[in-house]
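See below for the structure under consideration.
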2 protein chains.
Amino acid sequence: MSIERYDIVIVGAGPVGLLLSTCLARWGYKIKHIDMRPVPTVTGRADGIQPRSLDLLRNMGLKRAIMANEPAKVFEVAFWDPKEDAKGIHRTGTWPSCPKFIDARYPFTTLLHQGLIERVFIDDLQKNGVKIQRPWRITGFNTDAVDKQYPVEVSISHVDGDEQETIRAKYLFSGEGARSFVREQLKVGITHKDPIAHVWGVMDGVVRTDFPDIKMKCTIHSDAGSIMVIPREANMVRLYIQIASSTDPDWDPRKTATTEQVQETAKKIMAPYYIEWDRVEWYSVYPIGQGIADRYTLDERVFMGGDCCHTHSPKAGQGMNTAFLDAQNLAWKIHHVESGFADRSILKSYESERKLIAENLLNFDAQYAKLFSQRQPSAGEIGHVSKSAQDQGQAEQHEDNDFIKTFKASCEFTSGYGVAYNENIFNWSENHPAKSPLFLSEKAGTTTQRPGRILTPATVTRVADANVVHLEQEIPLNGSYRLYLFGGKPSVTKRAIVDFASGLKKKGSFYQTYTRSDSDKVNYHERHNPDSLFFTFNTIFNAQRPDIEVRALLPDILARYFDHVYADDIWDQRVPDAKAAAHAKMGLTEDEGGVVVVRPDGYVGCVVKLVEGSGTVDALNQYFSSFCTKSLGGVEKAQL
Amino acid sequence: MSIERYDIVIVGAGPVGLLLSTCLARWGYKIKHIDMRPVPTVTGRADGIQPRSLDLLRNMGLKRAIMANEPAKVFEVAFWDPKEDAKGIHRTGTWPSCPKFIDARYPFTTLLHQGLIERVFIDDLQKNGVKIQRPWRITGFNTDAVDKQYPVEVSISHVDGDEQETIRAKYLFSGEGARSFVREQLKVGITHKDPIAHVWGVMDGVVRTDFPDIKMKCTIHSDAGSIMVIPREANMVRLYIQIASSTDPDWDPRKTATTEQVQETAKKIMAPYYIEWDRVEWYSVYPIGQGIADRYTLDERVFMGGDCCHTHSPKAGQGMNTAFLDAQNLAWKIHHVESGFADRSILKSYESERKLIAENLLNFDAQYAKLFSQRQPSAGEIGHVSKSAQDQGQAEQHEDNDFIKTFKASCEFTSGYGVAYNENIFNWSENHPAKSPLFLSEKAGTTTQRPGRILTPATVTRVADANVVHLEQEIPLNGSYRLYLFGGKPSVTKRAIVDFASGLKKKGSFYQTYTRSDSDKVNYHERHNPDSLFFTFNTIFNAQRPDIEVRALLPDILARYFDHVYADDIWDQRVPDAKAAAHAKMGLTEDEGGVVVVRPDGYVGCVVKLVEGSGTVDALNQYFSSFCTKSLGGVEKAQL
């Protein structure tokens, strides 16, 4: 009997495994996905979707299904402390959960039971023919040279042990969580950043209370202990209670507490307010130490992600969100390698990009705790987008001190917008060896967009149907690079755009080199990928919508993206004086525009000047040459 | 065998029948719902959801399910006319579909096949245990005194005739469409407003074309004829082609045309652009004359609504939207009578309110056609909310001429925001007999809210969870009156609010008279109806959210609506200088506030000054006395 072959075997159907599986299933890969649990998460576990993750879920077309569960939304965090010279706690301040200095489309955290989130992915997987095989576990794996195309042999079995399978795959992914069989087998160590370990109690339930902030995220410190309050869907609330810490004199990592004990403690902490439980849905006590896996892969065939690679305190609500981004990062890279677009070497960047973020997360985790024990900054200190557009000019003028910088960074981090990948083959800083002067940079003040960071959101009018749309969402997460041609004023850029189109059409250009092999069979209504599966063009003009005649302004190769042409004619409170707000937000000149290259995951790759002649496409050829399989536009492959 | 009894028998499962059924099923009524068709609408029929209807669907919690179908959205209408001295058509202008002078939450039309809309309702009905009985028809009915509680006897049968049922009900509703058995049996005549009849061809399909506005709503006039273009979900487009008119010399109401003939005509009209069909999903030719039923009910037991009562040209896309509002209007009135809250006489207002709207619709229909043949107004003429907040002060300053007035009225009408019920028991103008000086009015300049018109939307911050919310959506369509207590500045209104609460608590007040009989068993987490099924209070303060301590600022009876307390602290582009935008939009003073009474369907009932002493509650007692079953607050029932 011949052995069954898969593109990938995914172990674990938590957030990281499900997001990876969902992406690859949509892109046509053959997947074996197993999970040890007989059913999806029933109670407990992670529950916070950060603003940036909600962007991602929307980009995958899953936001509506998430929101159909009527999750709680956290817009503010409240701080409660003991009163001086009095009994009980009082509110000492509130912070926005995602303050206005962060340009977030959804400035709130979405709170929902993890099982409900998992089901959204599972439903989507089913549409693509993937069913999670449960309750099955991995029992062994081996990377060998027996089958070069499918080098990984994986053994799996029913948890009862009465059924086994051996299969082969191109890749194996472990999303097993903190106790990962794969990680143990690979003998990948865990480095502990913070020497302090904690035992946490977490309780989900429905309560009655006169505590006024029960529907907000709160940190409550009192002489009786500390609690974190997290509101949830369906009138539920989650309480985190620290039960023990390795700094305690009688530290015992196996220390525990009953539901009743924790409830009694909560009552004492929250006095003079009362709290009673209608029901407890879930209660668990678990020790958590900060830890980070030393490697995310050894051979770029067996990968790990999510809790398997990083564990930390649950307080900042980052676990699931980091897991989502791990999976997203790996998905498009595997896709680009397997579809022949990119060098296999790009898979090394999964670990380098994502391990850095996990390290930042762990550092942040420690800082965050410290921040909470300090004073809170005033609104004036942090500089905010004021409610009146007129005041806007005055905001963010002052110099930030260290405390404020830390505060801002922590907000960016918890919102998910703080993710910043270092420079590498994908993220071109001004230091990149291909030192073309056409690459714009934040340092030089020629763009606000920073390679390795998320594209700034912008609202524009779609020309085809006059719909007001969110530009950053116009291309779904489909594995394509997103090329934003900010066309400035058509009268100014006419020649440059014609030259740009000519450059694209030239043999050997990045665009011509990776056209679809089935381009003659492409559906007439295909919006995103008419010519190439790896690129989609968006063109944004500094003009009013009715003045944009797509087929008159754009050469055919760009006009083919008829549904991706936009008028930059929507006023934006953040750039109140701009005539073309999207251009202004990108830091491009409103007349001359520029080209912003965005990776399939929404992070900026590079920003290039839009010039007459061949320069712009030459620069893009250089950029893509650094990781594509073929040399482009006659340029040599740039080396890092 | 005893005869089965229902609260209502609903005939027809189109938009009007389904919305009525959905409301009443949610409110616990026993429903027999039948439809002649074996399945929901498969192709064709209505497809446009106007902005106001989308508000309504959201208020019913159905918007997300509608939007999951990825409908087309029309933001603009384009006009195409013959070129002078040249062949073919050219664009002569565009109008916003719902211009900015209308304060709409969703300034676009949502286009979706009627069958998909029907399924959203059918799914919701199933959750409440109602299944449409298909394919069954009504064969007879009779209102008698045999059973006073269930005075309507209805006979229904399977369309094959091999099964029959006779049932009794409190009400019978016909949503049968233009050919209504019930209307015929009642011998209710149809009055034709516009003597001109038309034969329309309508074709839904997927096309290929280089016509640039194929994804916008367009009216195209050419020497070869006229077409209306309506974009649809899934790359579809609907074309309306007028085939014949009773003004034609060879008028024949049975004139028809084949698919191919209509396609040939369309090609000629759209030259120099090409158009080809990938497929035609639906094609139909039908004669339409304007008509309106003389009565909507004879005895307030047998009611009719939707196409059964009004037919008109499909061009303005009003049929389904008017049907929705017919059903909504009737639903809460039946509920208020059957639950013992309101006099049976209120049912008369269904016909008086809804027939007026249908008459306006028919008048509008004729005007609309005329408008399309005239010039379009310039943006300067109509006065719009400009994209820059700074310009805002200048907008809408000039005097409107008749042409502009007609244009504005037509936009209001097609958006659904033009619906204005006349003064009656529910809609108290300053002419109302209970001439308390506390009733505020637009005429006196003491409020912008007009009884009989929809509440102006406003964005506020919910105090309990700091969520930024749409105030007009905070109470779902649940049969409750929505009392908006605009509390102004807490320091100014402290006394008035305490007095208001005392008034509510007084025996005989509107609020005390209609408390829940099961109030001791009400769920602790009940947000909307803790005390009464007929009233929900919203309190909005001119204050920053963290400064609002609900239980300190509000007496218990109001603090119980803990989730309905709001901070009026969100800046609004439409009132850029206001400190409290929601207060300002309602036309109330930002310090003193006022009480806006909104009917369960979202239309304003009256606006009352918030004063110290008993005056405010006295005024509300007068208002509710005019239609409630009991006399309130010692006042005599006000008479119209």
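Data for the structure
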read-out	value
Qualifying residue in segment B:412-430 (condition: at pLDDT below 65 and open to solvent by 30 Å² or more (accessible area, probe 1.4 Å))	no
The listed residue being surrounded by 22 or more Cβ atoms within 10 Å (Cβ to Cβ), more than 29 Å from the chain's Cα centre (by Cα) and not assigned by TED's automatic domain parsing to the domain that holds residue A:41, out of A:269, A:275	A:269
Single residue of segment A:520-529 satisfying the filter (out of contact with any strand residue (DSSP E or B) (no Cβ under 9 Å at 6 or more places or on another chain) and under 17 Å from residue A:562 (Cα atoms)) that is most open to solvent (accessible area, probe 1.4 Å)	A:523
Test set (1) within 24 Å of the chain's Cα centre (by Cα); (2) more than 14 Å from chain B (Cβ to nearest Cβ); (3) surrounded by fewer than 20 Cβ atoms within 10 Å (Cβ to Cβ) - residue A:481 fails condition number	(3)
Pair list, Cβ < 8 Å and 6+ apart or interchain, from segment A:7-34 residues that are without any contact (Cβ under 8 Å) to a residue 40 or more places away in the chain to residues that are open to solvent by 10 Å² or more (accessible area, probe 1.4 Å) and assigned to a strand (DSSP E or B)	A:30/A:5; A:30/A:6; A:30/A:7
Checklist (1) free of Cβ contacts under 8 Å to residues at least 24 places away in the same chain; (2) under 21 Å from residue B:606 (Cβ atoms); (3) open to solvent by less than 30 Å² (accessible area, probe 1.4 Å); (4) not small (Gly, Ala, Ser) applied to residue B:504, failing item	(1)
Looking only at segment A:557-568, and only at residues there that are out of contact with any Asp or Glu (no Cβ under 9 Å at 6 or more places or on another chain) and touching a residue at least 40 places away in the same chain (Cβ under 8 Å), the one that is farthest from the other protein chains (Cβ to nearest Cβ)	A:558
Residues satisfying the stated conditions in segment B:595-608, i.e. touching a Gly at 6+ places or on another chain (Cβ under 8 Å) and either assigned to a strand (DSSP E or B) or of a type in the set (Gly, Ala, Ser) (or both)	B:597, B:598, B:603, B:604, B:607, B:608
Segment B:114-128, residues that are in contact with a strand residue (DSSP E or B) (Cβ under 8 Å, 6 or more places away or on another chain) and either within 13 Å of chain A (Cβ to nearest Cβ) or more than 22 Å from residue B:419 (Cβ to Cβ) (or both)	B:125
Qualifying residues in segment A:150-188 (those that are part of a loop (DSSP other than H, G, I, E, B) and open to solvent by less than 30 Å² (accessible area, probe 1.4 Å)) - the one farthest from residue A:31 (Cα to Cα)	A:188
Lone unmet requirement of (1) within 14 Å of chain A (Cβ to nearest Cβ); (2) farther than 30 Å from residue B:181 by Cβ; (3) in contact with a helix residue (DSSP H, G or I) (Cβ under 6 Å, 6 or more places away or on another chain) for residue B:102	(1)
Answer residue from segment A:507-517, given it is of a type outside the set (Val, Ile, Thr) and open to solvent by less than 50 Å² (accessible area, probe 1.4 Å) and is nearest to the other protein chains (Cβ to nearest Cβ) among those	A:516
Of the criteria (1) buried (at least 19 other Cβ atoms within 10 Å of the Cβ); (2) over 24 Å from the mean Cα position of the chain (by Cα), which one residue A:230 fails	(2)
Looking only at segment A:189-213, and only at residues there that are under 22 Å from residue B:523 (Cα atoms) and under 28 Å from the mean Cα position of the chain (by Cα), the one that is farthest from the other protein chains (Cβ to nearest Cβ)	A:203
Odd one out for residue A:89 among (1) in the same structural domain as residue A:226 (by TED's automatic domain parsing); (2) aliphatic (A, V, I, L, M); (3) modelled with pLDDT of 95 or more	(3)
Test: residue in segment B:541-552 that is open to solvent by 30 Å² or more (accessible area, probe 1.4 Å), of a type in the set (A, V, I, L, M, F, W, C) and either within 14 Å of chain A (Cβ to nearest Cβ) or more than 27 Å from the chain's Cα centre (by Cα) (or both)	yes
Any hit, segment B:178-187, residues being more than 22 Å from residue B:306 (Cα to Cα) and not assigned by TED's automatic domain parsing to the domain that holds residue B:232	no
Exclusive hit being out of contact with any strand residue (DSSP E or B) (no Cβ under 8 Å at 6 or more places or on another chain), on the phi < 0 side of the Ramachandran plot and facing another protein chain (nearest Cβ under 10 Å), set B:65, B:86	B:65
Residue B:611 vs. criteria part of a strand (DSSP E or B) and either within 14 Å of chain A (Cβ to nearest Cβ) or open to solvent by less than 40 Å² (accessible area, probe 1.4 Å) (or both)	no
Check on residue B:582, in contact with a strand residue (DSSP E or B) (Cβ under 9 Å, 6 or more places away or on another chain) and either within 26 Å of residue A:212 (Cβ to Cβ) or touching a residue at least 24 places away in the same chain (Cβ under 8 Å) (or both)	yes
Options A:471, A:455; residue that is touching a helix residue (DSSP H, G or I) at 6+ places or on another chain (Cβ under 8 Å), away from chain B (no Cβ under 14 Å) and more than 15 Å from residue A:417 (Cβ to Cβ)	A:471
Selection from segment B:286-299 of residues that are closer than 25 Å to residue B:348 by Cβ and open to solvent by less than 30 Å² (accessible area, probe 1.4 Å)	B:291, B:292, B:293, B:296, B:297
Residue check for residue B:307: of a type outside the set (A, V, I, L, M) and either in contact with a Cys (Cβ under 7 Å, 6 or more places away or on another chain) or surrounded by 24 or more Cβ atoms within 10 Å (Cβ to Cβ) (or both)	yes
Selection within segment B:298-323 - touching a helix residue (DSSP H, G or I) at 6+ places or on another chain (Cβ under 8 Å) and closer than 15 Å to residue B:413 by Cα	B:312, B:313, B:315, B:316, B:317, B:318, B:319, B:320, B:321, B:322, B:323
Filter result for the condition that a residue is at pLDDT below 90, in a helix (DSSP H, G or I) and either open to solvent by 20 Å² or more (accessible area, probe 1.4 Å) or not hydrophobic (A, V, I, L, M, F, W, C) (or both), over A:370, A:355, A:348	A:370
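The values are calculated or read from the model by the stated rules, or taken from the named source; none is laboratory data. As the structure is a computational prediction, the values presented were derived from the model and not from experiment. Cβ coordinates were reconstructed from backbone atoms using ideal geometry, including for glycine residues, and neighbour counts include every protein chain displayed. Heads up: the accessible areas ignore ligands, DNA and RNA and are worked out on the full protein's heavy atoms, side chains in. Shrake-Rupley method; radii C 1.70, N 1.55, O 1.52, S 1.80 Å.
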